[in-house]
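The structure appears right after this line, and notes come after that.
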Amino acid sequence: MSSQYFDVAGMVLSQQLPALLELIDPDKLLYASDTPYTPTPAVIGLANKLETTDLLSPSLKTKMFRQNAQRLFKL
């Protein structure tokens, strides 16, 4: 699994995200790396929950929302 990336644009709170973080390198965590199939209002709601959760540190949120994708996609 060390070469895999994980997108958490779906419903990952409150059980899936903590379990995933125990298994993977946080540098492999992405948010919305492609076009979501979920309706826009739901995507916005889920993103807001991830932005405000205490399960992620501010630095991990920055990695998940921006830095990891920038590195992966060479942006």
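The values are calculated or read from the model by the stated rules, or taken from the named source; none is laboratory data. Everything numeric here is computed off the predicted structure, so don't read it as measured data. No Cβ is skipped: glycine too gets one built from the backbone with ideal geometry, and neighbour counts run over all protein chains shown. What goes into the accessible areas is simple: the full protein's heavy atoms, side chains included, and nothing from ligands, DNA or RNA. Shrake-Rupley method; radii C 1.70, N 1.55, O 1.52, S 1.80 Å.
List of remarks:
- LEU29 vs. criteria over 13 Å from ASP7 (Cα atoms) and in contact with a helix residue (DSSP H, G or I) (Cβ under 7 Å, 6 or more places away or on another chain): no
- Residue count for the stretch 1-54, restricted to those that are open to solvent by 50 Å² or more (accessible area, probe 1.4 Å), over 23 Å from ARG71 (Cα atoms) and in contact (Cβ under 8 Å) with a residue 24 or more places away in the chain: 4
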